[in-house]
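The values are calculated or read from the model by the stated rules, or taken from the named source; none is laboratory data. Just so it is clear, the model here is predicted, and its values are computed rather than measured. No Cβ is skipped: glycine too gets one built from the backbone with ideal geometry, and neighbour counts run over all protein chains shown.
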Amino acid sequence: MFFFFFFFDNEKKLQDKQIELHYLSKTISYGIEKNDGNEFFDSYGVLEKQNSKDESDNEFKESDFKRLISEKIRKTIYGEKYSNIVFLAGAGASVVGGNPNYGKTVKMIADDIFKKLHDTDKLYTLEELAEMCRYKDGNILGSTVSESSGSLALDTSFNLEDFLSVLFHFRPYVSENDKTTFNNTIQKILELIKENTNYSYDSKVLKHGALLKFLSDLSGKDGNKFSVITTNYDVLIEEAASENNFVIFDGFNFTPLPKFDSNMFEWNLVKEVQNINTREVEYKEKTFNLVKIHGSLTWEKRDNGDIVRKNRHDITDTDKMVMVFPSSDKFAQSYQEPYFELFTKFQELIKRPNTLLISSGFSFADDHISKMITQALKNNSSLKLLVTDFNIDPNRQWDEEEKKYTEIKEGQSQYNKNWSELVHLMDEGYPISFLKATMNSDLVDYLSGRYLNDKD
C-alpha cells in the first residue's frame, strides 16, 4: 500500500479516504479521492488553490491538479540533458479505453481460445488438453457460467502462460493416435493468439505517431537516435512510423527481403555535405531503433535458419513464426536467436550514461525484463526511470461494491513483487517516479507539457 506516502495529521481522516494514486516519487505524491473525483491531495493533505482576488477562482480544479503533476514530469524530462532516450512499450501501450479492438489482455485471449475450440469438433477443447497433460488434473472450468455465452467458462485462476508451457513440454509424449489432432489444436491456439494481437494503426484513436514525434524532438539531432523497446507482436509502431516518415532500425538489413542482422542497430543514415574548407556529414532526422524483444507478427524463420521480415499477412505457418508466445518458458526462450541479441541490445541501451527510460503499459510482471531494469538502476547511477500505466498502485485492489481499496499482500498470486521492488528502490533514493497515464490517452500530453498551459 502506498498510504504511507500521504502524511495527514489526522490518522482517522486518512482511513476514511480512498485515494487513487496519480503520481509518486520519493519527495511527493498526488492522488484523487476515488469516491469523490473533485477532492485532490498531495502528501500533506487536501490541495487548495492559493487565495485569489477573484473568489470564484479559488476552487482547486482538475486542471490545477494536472498542472502540478506536469511540473514534476517536466523536471524529470528536461531537468538534465540526456544523451540516450529509451521508451519501453508493454501490452498496455496498445490499449484504447472502451475499444475492444485494441490491447487485449491474456485473459481475454484465453477466453477467446476457450470459445473457439468449443465451436469445432475437429480439435481438442482446452478442458480435453488439460486432462491429457494433467494440467490441474483437467479442472480448469469455473463454478459459474459466462454472462455472454450462458455456458461454462474458464476458472478465474486459469493461467494461459502456465498452460501453454505444460502443453509444449507434453508435446513429445502424445500418443501417435492423438498427435495429429493435438498438433492441429496447438496450431489453432497460436493462430488465435496471433489474431488477437494483430492490430492496424489508426491515428484517430492511437497516439503512437505523436509519441514518436515527441521522442524525436527530445533526442535532438546529430544522429542521437532514440530507442523503442516493445514486448508486443503488433506493428502499430511500424505503421505509425511509416505514416509520419520515420526511418526504423529494427535489426534487419535493407534488402528486398530484409534479413535479421543485429549489427544494423549500430548504423545511422548520413549524407555528405560539400563545403569549401571541410567535409561534413548531415544525419537523417526522424530515425530510431525498434527492439521487439518478444518477436513480431512480421518475422519468419526460414528452413535455412535465416530470420526474415515479411508482410504480416504473408506468414501463415505458426511453426515458422518468430514470436515468444505467452508461457512460463519466456525466460528460456529469450536465450534463443534472435531474442538473445535483442535482449542484449536492450541491456546495453539502459546501461549507457545519461539515460532516460520511460515505460508505458508494462506491468513489470515479467521477471526477466524487470530484473534487467532493476539491475541497471543499481549499476547505472545516471539512469532515470519514469513508470507510466493506467494503475500505478497495482498491489491495491478496488472493490466496487464496498467502494474501497483492499491490499494485495505478499504471497498472494496477484501480488506484483517487481513493482514493490521498484517502490522500495525509489524509497532508497533511486531516481524512479510513477505517473498514472496511458499511451493512448494523456501520456503524450504530460510528457510534452501541454497541461502546463491549461487555463480551465
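Could you give every pair whose Cβ atoms fall below 9 Å, whose first residue belongs to the range 28-39 and is assigned by TED's automatic domain parsing to the domain that holds residue 62, and whose second residue is among the hydroxyl-bearing types (Ser, Thr, Tyr), counting only separations of at least 6 or pairs across chains?
28/43; 28/44; 29/23; 29/43; 30/23; 30/43; 31/23; 34/405
Could you check the range 16-40 and list, in sequence order, the residues that are under 17 Å from residue 70 (Cβ atoms) and buried (at least 19 other Cβ atoms within 10 Å of the Cβ)? So that I can check it myself, show each step before the final result.
Applying the first criterion (under 17 Å from residue 70 (Cβ atoms)) to the range 16-40 yields 21-25, 27-32, 40.
Hits for the range 16-40 are 21, 22, 23, 24, 25, 29, 30, 31, 32, 40.
Of the numbered conditions (1) within 23 Å of the chain's Cα centre (by Cα); (2) exposed (fewer than 15 other Cβ atoms within 10 Å of the Cβ), residue 236 satisfies every one except a single condition; which is it?
(2)
Take the range 317-346 and flag every residue that is at pLDDT 85 or above and assigned to a helix (DSSP H, G or I).
Of everything in the range 317-346, those that are at pLDDT 85 or above and assigned to a helix (DSSP H, G or I) turn out to be 320, 339, 340, 341, 342, 343, 344, 345, 346.
Restricting attention to the range 90-108, does a residue exist that is modelled with pLDDT of 95 or more, among the hydrophobic types (A, V, I, L, M, F, W, C) and out of contact with any His (no Cβ under 8 Å at 6 or more places or on another chain)? Give the steps one after another, and end with the answer.
First, pick out the residues of the range 90-108 that are modelled with pLDDT of 95 or more: none.
Taking every residue of the range 90-108 in turn, none turns out to be modelled with pLDDT of 95 or more, among the hydrophobic types (A, V, I, L, M, F, W, C) and out of contact with any His (no Cβ under 8 Å at 6 or more places or on another chain).
Could you check the range 187-209 and list, in sequence order, the residues that are crowded, with 19+ Cβ neighbours inside 10 Å and among the aliphatic types (A, V, I, L, M)?
Once the filter is applied, which keeps residues that are crowded, with 19+ Cβ neighbours inside 10 Å and among the aliphatic types (A, V, I, L, M), the range 187-209 yields 189, 193, 206.
Say whether the condition of being exposed (fewer than 13 other Cβ atoms within 10 Å of the Cβ) and in a loop (DSSP other than H, G, I, E, B) is met by at least one residue in the range 292-301. First the steps, then the outcome.
Step one: of the range 292-301, the residues exposed (fewer than 13 other Cβ atoms within 10 Å of the Cβ) are none.
Looking through the range 292-301, none of the residues is exposed (fewer than 13 other Cβ atoms within 10 Å of the Cβ) and in a loop (DSSP other than H, G, I, E, B).
Looking at the range 252-288, which of the residues that are closer than 23 Å to residue 336 by Cα and in contact with a strand residue (DSSP E or B) (Cβ under 6 Å, 6 or more places away or on another chain) is surrounded by the most Cβ atoms within 10 Å (Cβ to Cβ)?
Looking only at the range 252-288, we keep the residues that are closer than 23 Å to residue 336 by Cα, and these are 252-253, 257-266.
Filter once more, keeping what is in contact with a strand residue (DSSP E or B) (Cβ under 6 Å, 6 or more places away or on another chain): 252-253, 257-260, 264-265.
Working: 252: 22, 253: 14, 257: 12, 258: 18, 259: 15, 260: 20, 264: 16, 265: 19.
Checked the range 252-288; the qualifying residue surrounded by the most Cβ atoms within 10 Å (Cβ to Cβ) is 252.
Looking at the range 27-45 only, could you name the residues that are part of a strand (DSSP E or B), aromatic (Phe, Trp, Tyr) and more than 14 Å from residue 434 (Cα to Cα)? Walk me through it before giving the result.
So the first thing to find is which residues in the range 27-45 are part of a strand (DSSP E or B), and the list is 29-33, 40-42, 45.
Checking the rest, the ones that are also aromatic (Phe, Trp, Tyr) come to 30, 40-41.
Scanning the range 27-45 gives 40, 41.
Considering each of 159, 263 in turn, give the residue that is farther than 27 Å from residue 100 by Cα and not charged (D, E, K, R).
Working: 159 fails: farther than 27 Å from residue 100 by Cα.
So the residue among 159, 263 that is farther than 27 Å from residue 100 by Cα and not charged (D, E, K, R) is 263.
With the condition kept exactly as written, say whether any residue in the range 411-431 is surrounded by 14 or more Cβ atoms within 10 Å (Cβ to Cβ) and within 24 Å of residue 35 (Cβ to Cβ).
no
For residues in the range 248-291 being in a loop (DSSP other than H, G, I, E, B) and among the aliphatic types (A, V, I, L, M), which is modelled with the highest pLDDT?
Here is the first cut: in the range 248-291, the residues in a loop (DSSP other than H, G, I, E, B) are 250-251, 253-258, 261, 267-269, 275-278, 284-286.
Next cut, among the aliphatic types (A, V, I, L, M) only: 257, 269, 276.
Values: 257: 95, 269: 89, 276: 62.
Across the range 248-291, the extreme among qualifying residues is 257.
Take residue 409 and decide whether it is free of Cβ contacts under 8 Å to residues at least 60 places away in the same chain, out of contact with any helix residue (DSSP H, G or I) (no Cβ under 9 Å at 6 or more places or on another chain) and of a type in the set (Lys, Arg). So that I can check it myself, show each step before the final result.
On the way: free of Cβ contacts under 8 Å to residues at least 60 places away in the same chain: yes; out of contact with any helix residue (DSSP H, G or I) (no Cβ under 9 Å at 6 or more places or on another chain): yes; of a type in the set (Lys, Arg): yes.
So residue 409 passes the test.
Got a sec? Which helices (runs of 4 or more DSSP H) wholly within the range 359-456 have at least 1 residues that are under 26 Å from residue 215 (Cα atoms), under 22 Å from the mean Cα position of the chain (by Cα) and hydroxyl-bearing (Ser, Thr, Tyr)? Working first, answer last.
Working: elements: 367-379, 417-427, 443-448.
By residue number, 367-379, 443-448.
Let's see how each residue does on (1) within 19 Å of residue 295 (Cα to Cα); (2) in contact with a His (Cβ under 9 Å, 6 or more places away or on another chain); (3) in a helix (DSSP H, G or I):
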| residue | (1), (2), (3) |
| --- | --- |
| 157 | no, no, no |
| 164 | yes, no, yes |
| 172 | no, no, yes |
| 184 | no, no, yes |
| 194 | yes, no, yes |
| 201 | yes, yes, no |
| 204 | no, no, no |
| 209 | no, no, yes |
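So if I check each of 376, 365, which one is among the hydrophobic types (A, V, I, L, M, F, W, C) and in contact with a helix residue (DSSP H, G or I) (Cβ under 6 Å, 6 or more places away or on another chain)?
Details: 365 fails: in contact with a helix residue (DSSP H, G or I) (Cβ under 6 Å, 6 or more places away or on another chain).
The conditions single out 376.
Please verify whether residue 243 is free of Cβ contacts under 8 Å to residues at least 40 places away in the same chain and farther than 22 Å from residue 267 by Cβ, treating the condition exactly as stated. Before you say what the answer is, go through the steps one by one.
Numbers: free of Cβ contacts under 8 Å to residues at least 40 places away in the same chain: no; farther than 22 Å from residue 267 by Cβ: yes.
Against the criterion (free of Cβ contacts under 8 Å to residues at least 40 places away in the same chain and farther than 22 Å from residue 267 by Cβ), residue 243 does not qualify.
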